[in-house]
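**Student:** Right, I'll just put the structure down here and ask away after.
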Amino acid sequence: MKCPPRRPHSPATIHGSPPSTWAQILTLMLLLAVLLTLPGCNTNPTGKPPAGAFTVLTYNINRDARDAAPVLAMLRAADADVVVLEESTPDWERQLRPALADRYGVILFRHYDRGGGLAFFSRLP
């Protein structure tokens, strides 16, 4: 019996499913945030943010952690416009979504079986 040919694995998939649009946008935003923090990229000598500027925060919340209070305190103190949390789980979503719904108009969670998932919060439309 002849087996059907194997399809090559696409590097653009995670656990067999294609990345969602928001995950692609999130990746681009994180790359932009990293690039803008490189030496020589700050062209604003006043130190004041230009009109239309926004803040981005990323944080690994550790999927095995259980206490959301320290994470919520840090997020509230940082008061970032866009937040990306790595290693989120359904339990993290149950704790964070209602606690941050009044601050962020866009809240997205993507869970993965292994290694946790991603949480995305934004005040920007």
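The values are calculated or read from the model by the stated rules, or taken from the named source; none is laboratory data. All values derive from a computational prediction rather than experimental measurement. Cβ: placed from backbone, ideal geometry, glycine included. Neighbour counts: every protein chain shown. Just the protein is used for accessible areas: all its heavy atoms, side chains included, with ligands, DNA and RNA removed. Shrake-Rupley method; radii C 1.70, N 1.55, O 1.52, S 1.80 Å.
**Student:** Using only C-alpha positions, report the orientation-averaged shadow area of the convex hull of the range 55-104, nm², one decimal. Spell out each step's value before the answer.
**Tutor:** Details: hull surface 12.2 nm².
With the hull built on Cα positions only, its mean projection is 3.0 nm².
**Student:** Solvent-accessible area of Asp67, probe 1.4 Å, all protein chains present, reported in Å² to the nearest ten, please.
**Tutor:** 100
**Student:** Continuing with this model, one more query. If R₀ is 25 angstrom, what is the calculated FRET efficiency for the pair Ala99 and Leu124, using the beta carbon separation as r and rounding to 0.05? Working shown, then result.
**Tutor:** Numbers: r = 20 Å, r/R0 = 0.79.
Efficiency, from the Cβ-Cβ distance: 0.80.
**Student:** Ordered by residue, what ³J(HN,Hα) values in Hz, to whole numbers, does the range 64-69 give under the Karplus form 6.51 cos²θ - 1.76 cosθ + 1.60, where θ = phi - 60° and Gly and Pro are x?
**Tutor:** After applying 6.51 cos²θ - 1.76 cosθ + 1.60, I find 8, 5, 10, 8, 7, 4 Hz.
**Student:** Related question: Hey, for a label at Met74 modelled as a point 7 Å past Cα toward Cβ, could you say which residues of the range 85-125 have their backbone N under 12 Å away?
**Tutor:** Label zone hits: 85-87.
**Student:** Taking 0.36 nm per residue of sequence separation and subtracting the Cα-Cα distance, how much length would be gained by fully extending the chain between Ala65 and Thr27, in nm to one decimal?
**Tutor:** Answer, rounded to one decimal: 11.3 nm.
**Student:** HN-Hα J couplings of the range 46-53 from phi, Karplus 6.51/-1.76/1.60, θ = phi - 60°, integer Hz, Gly and Pro as x?
**Tutor:** Running phi through 6.51 cos²θ - 1.76 cosθ + 1.60 with θ = phi - 60° gives 6, x, 8, x, x, 4, x, 6 Hz.
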